[in-house]
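Encoded as structure tokens, the structure appears first; notes follow it.
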Amino acid sequence: MKVEPAGTLVGHIAVPGDKSISHRAVLIGALAEGETLVRGFGRSGDTQSTIDAVRTLGVEVEDIADDELVVHWGLAPAGSLTPAVDCGNSGTLMRLLAGILAGRPGRYELTGDESLRSRPMKRIAEPLNRMGARVTTDPLVIEGSDSLKGIDYALPVASAQVKSAILLAGLTADGTTTVVEPAPTRDHTELMLGAAGAQVRRRPSSVSLEPTARLELGEVLVPGDFSSAAPFIVAATLLSGSNLTIHDVGLNPRRTGLLDVLERMGARITVFNRRKAGGELVGDLEVHSAELTATYVAAEEVPRLVDELPLFALAAALARGNSRLTGAGELRLKETDRIDAVTNGLRAVGARIRAREDGFEVRGVPTRPVGGRMPSNGDHRIAMLAAVAGVVSREGVDVGDADVVAISFPGFYDLLDSVSKR
């Protein structure tokens, strides 16, 4: 699929519901008594995998509309014979569900596509085994227990998914479960568990959870996904004359590191209509084009923009000066090796970028890259990066395996085309 150059981005848009919150609404809704109404649900390949997974485990999920559903409480009785649960391409689903199942007697196998099966799962097996479950990897098999013990666990690598798996296991554990983070990561699990009635204590570098016999969510309002807004933010910043407004975007401060990075590069982004919905910060973004200057992103910032780092590379390629990213080795363990995918892909369309073991270095040139062909390597974030490279290029970009964006954002290309003025 070829994405043609755009002259500017102009208009008002909204993006689909936050994928991370949508996953958690279904998973925690399955544990919560009664019915949980989820509004603003971000329907995508990944979140459909979560719906299918809980249905496999006996939960009724009622589709009301494309962005609205009802989750009915009731996992199958502990110890029930359960087929292998297919997690598709979703690492969030596989890791969080492992935490839930660790506290339920029975044997459960979690599988997924080839990309997911190759991702590191020992990082959840180790703490869950310490709590009293029996977890093996390759394939991922959980033998759950109704006698888990709360633990104090220091994450060796900042990971919201591992933190969430431990906390979800802690719901049924005996004693307090505490997770210490080397750097703050997204906290949607803690916020939603607290809203559901769990006793959660949050500190700057840790979170603790007490065992909880009863959860009740009632209703979850899912804001627009910041990671889905990010391609539009970067494209509008880079295309001269752009004026784009993105409405109802989730602005959880542990997710919006890209805004901080772009601001110090000189971007012109205004946040207005700030409010809270379901414990999450929400607002509207107005983005005007701007000339950018180079910056340095270090390890302590990485968790707050880990999914947006490919887009940072493109912004840096069109900025003035030399930019650098370090401390982002986790990118090599995503759906594809995102460091190699970003550097090889952007070089192919004219950017001056080279890989480091834990990041990349970019020699910025404040002019449109020529364009060309950029493979996605089966990674939805890389496909969206390639599309943004196309609209800001001189000759357009052919996006390899373009349909992979449906994993997180099925309507991405149509929405991008709707605001691209040529």
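The values are calculated or read from the model by the stated rules, or taken from the named source; none is laboratory data. Source: prediction; values computed, not measured. Methodologically, a virtual Cβ is constructed for each residue, glycine included, from the backbone with ideal geometry; neighbour enumeration extends over all protein chains shown. The area values use the complete protein model at the heavy-atom level, side chains included, leaving out ligands, DNA and RNA. Shrake-Rupley method; radii C 1.70, N 1.55, O 1.52, S 1.80 Å.
Among the residues of the range 154-172, just one is open to solvent by 20 Å² or more (accessible area, probe 1.4 Å) and touching a strand residue (DSSP E or B) at 6+ places or on another chain (Cβ under 6 Å), namely Ala154.
If you go through the range 390-417 and pick out every residue that is touching a residue at least 60 places away in the same chain (Cβ under 8 Å) and within 21 Å of Arg368 (Cα to Cα), you end up with 12. Of everything in the range 354-391 that is of a type in the set (Asp, Glu) and assigned to a loop (DSSP other than H, G, I, E, B), the residue that is least open to solvent (accessible area, probe 1.4 Å) is Asp379.
Within the range 266-301, the residues that satisfy the criterion of being among the aliphatic types (A, V, I, L, M) and either in contact with a Lys or Arg (Cβ under 8 Å, 6 or more places away or on another chain) or closer than 24 Å to Val222 by Cα (or both) are Ile269, Val271, Ala277, Leu281, Val282, Leu285, Val287, Ala290, Leu292, Ala294, Val297.
In the range 19-58, of all residues being of a type outside the set (Lys, Arg) and closer than 30 Å to Val349 by Cα, the one that is nearest to the chain's Cα centre (by Cα) corresponds to Asp46. Met121 passes every criterion in (1) closer than 22 Å to Asp52 by Cβ; (2) touching a residue at least 40 places away in the same chain (Cβ under 8 Å) apart from (2).
Of everything in the range 117-134 that is over 14 Å from Val162 (Cα atoms) and at pLDDT 95 or above, the residue that is most open to solvent (accessible area, probe 1.4 Å) is Arg134.
The sole residue among Thr189, Thr111 that is in contact (Cβ under 8 Å) with a residue 12 or more places away in the chain and either over 24 Å from Ser49 (Cα atoms) or more than 18 Å from the chain's Cα centre (by Cα) (or both) is Thr111. Restricting the range 247-264 to residues that are of a type in the set (A, V, I, L, M) and in contact with a Pro (Cβ under 9 Å, 6 or more places away or on another chain) leaves a set whose member that is farthest from Leu309 (Cα to Cα) is Val249.
Only residues that are over 19 Å from Gly175 (Cα atoms), touching a residue at least 12 places away in the same chain (Cβ under 8 Å) and not in a loop (DSSP other than H, G, I, E, B) were counted in the range 126-141, giving 3.
Name every residue in the range 173-189 that is buried (at least 21 other Cβ atoms within 10 Å of the Cβ) and assigned to a loop (DSSP other than H, G, I, E, B), in order of residue number. Matches in the range 173-189: Ala173, Glu181, Thr185, Arg186, Asp187.
Here Pro77 fits the description: open to solvent by 50 Å² or more (accessible area, probe 1.4 Å) and not charged (D, E, K, R). When Gly279, Gly218, Gly321 are checked against the criterion of being open to solvent by 10 Å² or more (accessible area, probe 1.4 Å), on the phi > 0 side of the Ramachandran plot and touching a helix residue (DSSP H, G or I) at 6+ places or on another chain (Cβ under 8 Å), a single residue qualifies: Gly279.
The test for being under 16 Å from Leu346 (Cα atoms), touching a Gly at 6+ places or on another chain (Cβ under 9 Å), surrounded by 24 or more Cβ atoms within 10 Å (Cβ to Cβ) and among the hydroxyl-bearing types (Ser, Thr, Tyr) does not hold for Ser408. Restrict the check to the range 89-99 and report whether at least one residue is farther than 22 Å from Asp187 by Cβ and open to solvent by 20 Å² or more (accessible area, probe 1.4 Å). Checked against the condition, which is being farther than 22 Å from Asp187 by Cβ and open to solvent by 20 Å² or more (accessible area, probe 1.4 Å), the range 89-99 yields no hits at all.
Across the range 264-311, the number of residues qualifying as within 16 Å of the chain's Cα centre (by Cα) and in a helix (DSSP H, G or I) comes to 10. The set of residues in the range 332-349 being surrounded by fewer than 24 Cβ atoms within 10 Å (Cβ to Cβ), farther than 20 Å from Arg368 by Cα, touching a residue at least 12 places away in the same chain (Cβ under 8 Å) and not acidic (Asp, Glu) consists of Leu333, Lys334, Thr336. Scanning the range 38-46 finds no residues that are open to solvent by 10 Å² or more (accessible area, probe 1.4 Å) and of a type in the set (A, V, I, L, M).
In summary, Thr8 fulfils each of the numbered conditions (1) of a type in the set (S, T, N, Q); (2) crowded, with 21+ Cβ neighbours inside 10 Å; (3) under 30 Å from Gly371 (Cβ atoms) with the single exception of condition (2). Within the range 221-241, can one find any residue that is of a type in the set (Ser, Thr, Tyr), in contact (Cβ under 8 Å) with a residue 24 or more places away in the chain and open to solvent by 10 Å² or more (accessible area, probe 1.4 Å)? Among the residues of the range 221-241, at least one is of a type in the set (Ser, Thr, Tyr), in contact (Cβ under 8 Å) with a residue 24 or more places away in the chain and open to solvent by 10 Å² or more (accessible area, probe 1.4 Å), which makes the answer yes.
Only one entry in Pro375, Pro366 is more than 30 Å from Leu93 (Cβ to Cβ) and modelled with pLDDT of 95 or more, namely Pro366.
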